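Quick notes on the structure that follows.
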Amino acid sequence: MNEYINKIKNKEIDIVEHTHKVIEECKKINKEYNYFNIISEKLALAQATALKKDIEKNNVKNKKLLGVMVSAKDAICVKGVESTAGSKILKGYKPLFDATAIKKAVEQGAIIIGKTSQDEFGFGSFAVNTYNIPKNPHDKTRSCGGSSGGAAGITAKAHFPHIALGESTGGSIAAPASFCGVFGLTPTYGRVSRYGLMDFGNSLDKIGPIGKTIGEVSALLETISGHDDKESTSLNNPIEKYSNIKADVKGMKIGIIKEAFGNGVEKAVDKTVWEGIKKLEDAGAKVEEISLAMPIEYGLATYYLIGTSEASTNLAKYCGMRYGASEDMKDSFNEYFTKVRSNNFTEESKRRIMLGTFARMSGYRDAYYIKALKVRTKIIEEYKKQFKKYDALVSPTVPVLPTKFSEIEKLSPLQHYMMDVMLVGPNLAGLPHMNVPVGFENKLPVGMLLIGNHLEENKLLQLGNEFENE
Ligand code: GLN
């Protein structure tokens with residue numbers, strides 16, 4: 001990427017011409033793979049033209065992402081570009097403002113090429129709960145993973161320098177990165193402003209980068225991190241120079257989560273992740289198996305109660321009055337709302353609205369929602385205990401190889417949820433975590449999950465760097 005940026009700066013590559021080519025390539029890829037809900041051709045060309053003027057005036061000295069193509073998961077608002085979060089209910093909605101992450105990327109010279117396909121509002125593990133289903137770049141009969149499926153897909157497929165902005169509530173950056181064979185980093189909760197991200201679960205949502213290289217992931221993370229006056233949960237801690245981080249794993253202590261291997265994990269995944277661990281060990285890391293005191297499965301129940309509780313309130317605003325889809329107004333308001341919501345939400349959204357509303361209802365609140373919050377605290381305490389001893393924890397990212405669409409159809413909702421078994425823990429605890437592509441099995445990528453302590457993204461990048469040229 002740095003070589004490319006220099007060429008842009010030295011006018012060896014004409015940024016406007018290059019952007020034209022990129023858009024044409026995206027259109028071609030999109031016909032076959034459905035990675036974009038919309039390609040923002042006009043915006044990208046306008047941004048490229050503006051950059052070209054600045055380059056001619058020598059006005060672009062230290063722009064970290066000069067001319068780099070950035071795509072945004074559809075739930076991340078881009079001013080004037082239709083943003084639906086993968087939902088029919090938001091068809092036609094064009095935000096009046098940019099998300100902070102977009103604004104910061106553009107300030108550093110990024111060009112926004114489009115909105116990537118995803119599960120509706122992030123509800124899913126295979127990116128199939130939507131009107132535009134992305135296909136795996138390594139095998140079109142398989143899923144990209146979810147919910148940031150389009151983001152990971154285009155990252156793997158693009159021939160031009162590109163980084164994706166994804167979003168994770170319970171694993172939606174790492175899981176698709178694993179299925180598509182790229183790096184995907186979910187930062188510490190609060191590291192990146194959520195302003196302009198359509199909410200799924202406010203206490204869980206994180207925006208983060210997906211890239212082909214650690215260098216790209218680091219550069220975008222560095223760009224979008226930091227406090228934002230518009231978002232009160234964004235953190236004020238200083239931003240590290242992530243892009244200066246080199247591979248240096250000597251002496252680092254790594255805990256392998258024992259329960260995350262074996263039963264329920266595909267053999268090919270198990271084997272390839274262990275090869276990744278071996279690589280870290282060979283590079284000088286100290287590796288030990290550990291057991292989490294809190295069974296991993298508790299994370300799923302906790303996540304799906306808290307996540308749906310928050311989602312069910314967040315979705316209340318989509319009623320056909322303010323945003324997106326509408327219907328003819330005939331009967332009472334209640335009937336109108338019901339009609340809009342029935343016709344435009346997927347089954348999965350309806351399921352989550354019902355589950356979340358139930359868990360928050362008086363009479364059930366203490367038994368479900370409040371209890372889940374208590375278990376969440378226990379989960380956080382358990383991880384914090386481990387990080388007194390270890391620099392990072394490791395597990396497979398997803399227990400299976402990229403799943404065939406024909407198999408996904410047969411899975412129950414609960415089996416869909418189980419895909420996140422390794423990912424909901426760090427997401428509930430707000431811990432940074434990253435998918436590292438560690439190898440291929442039957443031409444399909446396998447991902448290893450690195451989990452770090454709060455605000456220790458640097459260690460994950462240090463470890464990930466070992467795999468940079470794989
Ligand atoms: N697969 C998880 C879910 O369905 C996570 C989604 C996400 O992180 N946005 O909720």
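We did not get these values from a lab; they are worked out from the coordinates using the rules stated. None of the values given here were measured: they were computed from a predicted structure. Cβ placement follows ideal geometry from the backbone for every residue including glycine, while neighbour counts extend to all protein chains displayed.
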Can you compute log10 of I(q)/I(0) for region 353-436 with the Debye formula, treating each Cα as one identical point scatterer, at q = 0.17, 0.25, 0.26 Å⁻¹? -0.92, -1.19, -1.23
Once the Cα gyration tensor of region 234-329 is diagonalised, semi-axes √(5λ) in Å: 41, 23, 15
How many times 2.2 N^0.38 Å is the alpha carbon radius of gyration of the chain? 0.93
Could you calculate the contour length gain from ILE370 to ILE13, that is, 0.36 nm times the residue separation minus the distance between their Cα atoms, to one decimal place in nm? 122.9 nm
Measuring from label point to label point, each 7 Å out along Cα→Cβ, what is the SER362 to SER232 span in nm? 2.5
Nearest-5 percent of antiparallel DSSP beta bridges in the chain? 65
Mind ranking 387-397, 182-192 by how tightly packed they are, going by the mean number of other C-beta atoms within 10 angstrom, highest first? 182-192, 387-397
Just check region 279-384 against the gyration tensor rule for me: Cα atoms, a ≥ b ≥ c as the square roots of the eigenvalues, rounded for a/c under 1.5, and otherwise prolate or oblate depending on whether a/b exceeds b/c. prolate
Once normalised by the length of region 310-423, the mean sequence separation of its alpha carbon contacts under 8 Å that are 6 or more apart gives a contact order in percent of 20
Exposure proxy order (Cβ contacts within 10 Å, fewest to most) of ARG351, ARG142: ARG351, ARG142
Given a cut-off of under 8 Å on Cα pairs at least six residues apart, what relative contact order in percent is computed for the chain? 17
Between region 198-221 and region 398-470, what's the alpha-carbon centroid distance in Å? 14
Contour minus Cα-Cα distance for ASN263 and GLU289 (0.36 nm per residue): 7.8 nm
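Using Cβ counts within 10 Å as a stand-in for footprinting exposure, how do PHE97, PHE121, PHE333 rank, fewest first?
PHE333, PHE97, PHE121
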Order of ILE370, ILE133 under a 10 Å beta carbon neighbour criterion, fewest first: ILE370, ILE133
Quick one: what are the phi-derived ³J(HN,Hα) couplings along region 160-177, Karplus 6.51/-1.76/1.60 with θ = phi - 60°, whole Hz, x for glycine and proline? 9, x, 8, 10, 9, 9, x, 9, 10, 10, x, x, 6, 9, 5, 4, x, 4
